[in-house]
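*Asks:* Sharing a structure with you now.
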Amino acid sequence: MDRKGVMICGVVGFLGLLSAATGFAAEATRIKASEVHKISSTQCDYPRTPAATLGSTAVLALTVAQVIINMATGCICCRRNPRPSTSIGTIAVICFILSWITFIITFFLLLGAAALNNQHSAENTYYWYYNCYVVKPGVFAGGALLSLATVALGIISYLALTSAKNNADQGWGNVPLPNQGGVAMGHPQFPPQTGADPVFVHEDTYMRRQFT
């Protein structure tokens, strides 16, 4: 892997870890049911927490990582002239699709949880009918794990695509030239004739040589 690939993987990996870390931090600081005080049947008192900001940061970091890795790989499924089908190329396409699926799920999961937590913590008193709703346990943590999965799948897709491209380029560069229809050289079928003139022998002399 060249220097550009190392830099891309390093930046994307750092953003993935940042997204996961802020997601777990949001899980730890989210509003819990035990922290909510029910004032009346229609009124709940919520504390203020940084979970919404941390969740939004996780979404932002994951989005930037997804944009970078997709700019590096390009749209694999939209290419008119794709590379020859290989096992590495198939892995790249599968990881590319899975990374987008996990990204969409994580985006709305973290963003929705952050918005809900922010709505509650924006005002200490919030009105609900009969129940005081909070973000369920594990939502931010699940988003953090999906962030790691999204970044890992994106990096695998990028590395697999780069490897398939290098293998294809090396394969095309080492293809032997086809036979140009050349004729194999060999020895002539008839011995070469010398430039000396033929020698004529008198008939009587020839006959005497035959009987001697």
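*Asks:* Could you name the lysines in cross-link range of Lys32, using Cα to Cα under 27 Å and dropping any fewer than eight places away on the same chain?
*Replies:* Within the straight-line limit of under 27 Å, Lys32 reaches these lysines: Lys136.
*Asks:* OK, next. Can you give the extra length, in nm with one decimal, that the chain gains between Ser87 and Ala28 once fully stretched, where that is 0.36 nm per residue apart less the Cα-Cα distance?
*Replies:* Values: separation 59, 0.36 × 59 = 21.24 nm, distance 4.16 nm.
Roughly 17.1 nm would be gained on extension.
*Asks:* As an exercise, use a Förster radius of 41 Å and the Cβ-Cβ distance of Phe108 and Asn167 to find the FRET efficiency, rounded to the nearest 0.05.
*Replies:* Working: r = 37 Å, r/R0 = 0.91.
After rounding, the FRET efficiency stands at 0.65.
*Asks:* Between Ala141 and Ile39, how high is the FRET efficiency from 1/(1 + (r/R0)^6) when r is the Cβ-Cβ distance and R₀ = 41 Å? Nearest 0.05. Intermediate values should be presented prior to the final figure.
*Replies:* Working: r = 30 Å, r/R0 = 0.72.
The formula returns an efficiency of 0.85 here.
*Asks:* Fewest Cβ neighbours within 10 Å first, please rank Tyr46, Tyr158, Tyr133 accordingly. Provide the component values of the computation, followed by the final result.
*Replies:* Numbers: Tyr46 21, Tyr158 25, Tyr133 15.
Sorted ascending by nearby Cβ count, the order is Tyr133, Tyr46, Tyr158.
*Asks:* Now a separate question. Among the lysines, which fall within straight-line cross-link reach of Lys165, defined as a Cα-Cα distance under 19 Å, with same-chain neighbours fewer than 8 residues apart omitted?
*Replies:* Lys4
*Asks:* Taking amide H atoms as placed 1.01 Å from N in the peptide plane, list the residues 5 or more away in sequence, or in a different chain, whose amide H sits under 5 Å from that of Gln43.
*Replies:* Here Trp128 satisfy the definition.
Every read-out reported here was derived from the displayed coordinates using simple, explicitly stated rules and does not represent laboratory data. Quantities reported herein were computed from a predicted structural model and do not represent experimental measurements. Because the Cβ atoms are built from the backbone with ideal geometry, glycine has one as well, and the counts that use them run over all protein chains shown.
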